[in-house]
Amino acid sequence: MTSYLTPGGWALRAVIALGPVVALLAATPEGFAPPVWLIVLVVLASLGFAYLPEQYIGSAAMILVVGWWSIDVRDAMPLAVVVASGGLLASHVAATLAAYGPRALAPNRPLVLRWLRRGVLVWLVAPLLWLTIDAQRGHTTPASYWVAGLAVALVVAVTAATLYPTSLDQGT
Amino acid sequence: MTRWRATAALSRALTVAGVGIGVALVLGRPAVVVLVAPLVIIGAAALMAKPRTEPRVSAQTSYAVLHEGQGTTARLRVEPTDDVEFVTRVCASAAHIALKPTNGCLGHLVEDPVPILVSPRRWGQRRIGEEKVGLFSPWAGYRWGPVALVGREVSVLPASATFRSAAAAPNPIGLIGAHRSRRDGDGTEFSSIREFHSGDRMRRINWRVSLRSSALHVVSTRSEEDTAILLVVDALADYGLSGGIDGTQSSLDVAMRAAGAIAEQYIRQGDRVSLRVVSPHGEYVGYGAGSRHLRRILGQLSRVRPGVPHEVSVDRIDFRTAAGSMVVVLSPMLSEGMATAAVRLLRRGLPVIVVDTLPADAAPTVSSETDPTIGRLAWRMRLVERRQVLDRLAAAGCPVVPWNGPRTLDVIVRRLARRAQLPRAGVGAR
């Protein structure tokens, strides 16, 4: 496999592998250190993800990170979550780019730039959300209010996209 | 039939976002919402861009006929492009086909198409443009394909270096051409000064000689005529490895390129050229001249597949030679039959030249079960026999020359032409 990877392909694989690890370790300076066994597990899953970016092992690596954040960080709101969000996003975008073709396919520059712009714009949601949630802390509005709002929006988006009939779905 | 399918990227975004939102909702973890929020948006954007049309793709190449070493572009046509953002193409690698990009993998945005450059490196019939194509919707949510596209059969003509030979043909017999004939006629080459005959042109009168001799004398010239060339290509087997136009040459590579070069040279001079290939299909092109005829000859050469003719033995092949033709046999002379055929043509009074096409480093392909030492010994014995055949041919009056580029035949043809000019002793009844 390695002999066919282009330099761009290597760079993408590096980002894929590092993203979940960065997301896991981002909160360490703020006192939220994950256990060693989890770090090892995430590193292994991330390496697997980098090797097979078009497979579902990437979801496993990311879910491990999300799980640790929900169990260990609890209802704290460290700034590192914005960094962690960027790590997961970078890994996802790099894997998406790597899965556009076979390993020998060099990343297409205009496509990479397009995804870079998309990634930056999408990532801006994380600091905005962090600021909003942080500003609401201490007020009567509970944090679950924001969670419920986002969940409803997601469900509506997914339902609309899935149920909206297309010509392909109708077999024409 | 292929259709749009969700990609692993969409599945991952939705799975991680779903798990994150679910956990945050159940356990009340606002940090997790921030963590997965970008993936939620990416997943939603990919879902919103779900394709609604069925694309059609077709591959196109610019040329159906190429010379080896030339290149063409393989373009992809996608219609409609409304739901397509990115196109991935993977070209099949094939023997003697060079691609750019070299690994055959190319991806581009649908609005900014980039062709794959294809260059056949060896003569023959080649299929180019065989590839697999995958299409991606915006935000990489859905993928169409990959689908396999059938390539296009392209005739790859042997490369031929153009040159102009200065040597006159030994036996010009046609009506008009560039070769000096043995007969007097309306040419430019001085022949003699003779007495005026009725029908001579006035401008041919040599007044100085006429005044001295008290009778009209004219300057006579040799007529200029075309000649006929028969190219006999030995395609009974291919010896040596072929590395394409810029690599090592096999015996058939040498024969094809030499035949192409000779045919081009003589046809450009206005001569008539015929081609006979000794192969299972026995490719044949009759005598003719002109650029269309040259294309026909090169096209037949590109279709040659080596092998032994099934229907007739090599030494009994009718080469359909025209009277006065010059015969050029391109052969590695490893077949006794080819040598016999050359001698048969020679005994018909035709000037025959053998171009030795066996590369110096050629070696036979021996099966893995054969002892390499025995294989080498057998090959050496075969080469010794070949040397004897070549010597016998030379002794019979058939010059043998190795192919050394387009000027190989010049010296030999000049020598044959000189020999043809010599007076011949009659062997009639006394």
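The values are calculated or read from the model by the stated rules, or taken from the named source; none is laboratory data. Everything numeric in this text was worked out from a predicted model, so none of it was measured. Counting neighbours? That spans all protein chains shown, and the Cβs are built from the backbone with ideal geometry, glycine included.
All but one of (1) over 21 Å from B:VAL87 (Cα atoms); (2) in contact with a strand residue (DSSP E or B) (Cβ under 6 Å, 6 or more places away or on another chain) hold for A:TYR100; which doesn't?
(1)
Of the conditions (1) at the interface with chain B (Cβ under 7 Å from one of its Cβ atoms); (2) buried (at least 20 other Cβ atoms within 10 Å of the Cβ); (3) under 21 Å from B:THR88 (Cα atoms), A:LEU89 clears all except one; give me its number.
With respect to (1) at the interface with chain B (Cβ under 7 Å from one of its Cβ atoms); (2) buried (at least 20 other Cβ atoms within 10 Å of the Cβ); (3) under 21 Å from B:THR88 (Cα atoms), A:LEU89 is out only on (3).
Can you find even one residue in the stretch A:28-44 that is closer than 29 Å to A:PRO110 by Cβ, in contact with a helix residue (DSSP H, G or I) (Cβ under 9 Å, 6 or more places away or on another chain) and buried (at least 17 other Cβ atoms within 10 Å of the Cβ)?
No: the stretch A:28-44 contains no residue that is closer than 29 Å to A:PRO110 by Cβ, in contact with a helix residue (DSSP H, G or I) (Cβ under 9 Å, 6 or more places away or on another chain) and buried (at least 17 other Cβ atoms within 10 Å of the Cβ).
Restricting the search to the stretch B:357-381, which residues are in a helix (DSSP H, G or I) and surrounded by 12 or more Cβ atoms within 10 Å (Cβ to Cβ)? Write out each step before concluding.
Step one: of the stretch B:357-381, the residues in a helix (DSSP H, G or I) are B:372-381.
Result: B:GLY375, B:ARG376, B:ALA378, B:TRP379.
Which ones in the stretch B:1-11 are within 7 Å of another protein chain (Cβ to nearest Cβ) and either at positive phi or of a type in the set (D, E, K, R) (or both)?
B:ARG3
Which numbered condition trips up A:LEU44, out of (1) more than 13 Å from the chain's Cα centre (by Cα); (2) within 7 Å of chain B (Cβ to nearest Cβ); (3) modelled with pLDDT of 90 or more?
Every condition holds for A:LEU44 apart from (2).
Go through the stretch A:29-53 and count every residue that is free of Cβ contacts under 8 Å to residues at least 12 places away in the same chain and part of a helix (DSSP H, G or I).
First, pick out the residues of the stretch A:29-53 that are free of Cβ contacts under 8 Å to residues at least 12 places away in the same chain: A:31, A:33, A:35-37, A:40, A:44, A:52.
Now drop any that are not part of a helix (DSSP H, G or I), which leaves A:36-37, A:40, A:44.
Qualifying residue count for the region: 4.
Of everything in the stretch B:12-65, what is surrounded by 18 or more Cβ atoms within 10 Å (Cβ to Cβ), more than 7 Å from chain A (Cβ to nearest Cβ) and among the β-branched types (Val, Ile, Thr)? Give them in sequence order.
Correct list: B:VAL57, B:THR61.
Restricting to the stretch B:271-327, give me the number of residues that are part of a loop (DSSP other than H, G, I, E, B) and closer than 25 Å to B:THR340 by Cα.
Kept after step one, since they are part of a loop (DSSP other than H, G, I, E, B), are these residues of the stretch B:271-327: B:271, B:279-283, B:289-290, B:303-313, B:317-325.
From the residues that got through so far, the ones that are closer than 25 Å to B:THR340 by Cα too are B:279-283, B:304-313, B:317-325.
Going through the stretch B:271-327 one residue at a time, the tally reaches 24.
Test of understanding: among B:SER137, B:SER93, which residue is free of Cβ contacts under 8 Å to residues at least 24 places away in the same chain, among the hydroxyl-bearing types (Ser, Thr, Tyr) and closer than 29 Å to B:GLU54 by Cα? Write out each step before concluding.
Values: B:SER137 fails: free of Cβ contacts under 8 Å to residues at least 24 places away in the same chain.
Residue meeting the stated conditions: B:SER93.
Can you work out which of the residues in the stretch A:103-137 that are more than 21 Å from B:ALA37 (Cβ to Cβ), touching a residue at least 12 places away in the same chain (Cβ under 8 Å) and not charged (D, E, K, R) is farthest from the other protein chains (Cβ to nearest Cβ)? Before you say what the answer is, go through the steps one by one.
Kept after step one, since they are more than 21 Å from B:ALA37 (Cβ to Cβ), are these residues of the stretch A:103-137: A:103-113.
Keeping just the survivors that are touching a residue at least 12 places away in the same chain (Cβ under 8 Å) gives A:103-107, A:111-112.
From what is left, the residues that are not charged (D, E, K, R) are A:104-107, A:111-112.
Details: A:ALA104: 4, A:LEU105: 4, A:ALA106: 7, A:PRO107: 8, A:LEU111: 6, A:VAL112: 10 Å.
Once the filter is applied, the top-ranked residue is A:VAL112.
Sort through B:SER93, B:SER119 and tell me the only one that's under 30 Å from B:ARG305 (Cα atoms), surrounded by fewer than 19 Cβ atoms within 10 Å (Cβ to Cβ) and small (Gly, Ala, Ser).
Working: B:SER119 fails: surrounded by fewer than 19 Cβ atoms within 10 Å (Cβ to Cβ).
It is B:SER93.
If we keep just the residues of the stretch A:66-85 that are in a helix (DSSP H, G or I) and more than 8 Å from chain B (Cβ to nearest Cβ), which is surrounded by the most Cβ atoms within 10 Å (Cβ to Cβ)?
Taking the stretch A:66-85 first, the residues in a helix (DSSP H, G or I) are A:66-73, A:80-85.
Right, trim to more than 8 Å from chain B (Cβ to nearest Cβ) and you get A:68, A:71-72, A:80, A:83.
On the way: A:TRP68: 21, A:ILE71: 13, A:ASP72: 14, A:ALA80: 23, A:VAL83: 17.
Among those residues, the one meeting the criterion is A:ALA80.
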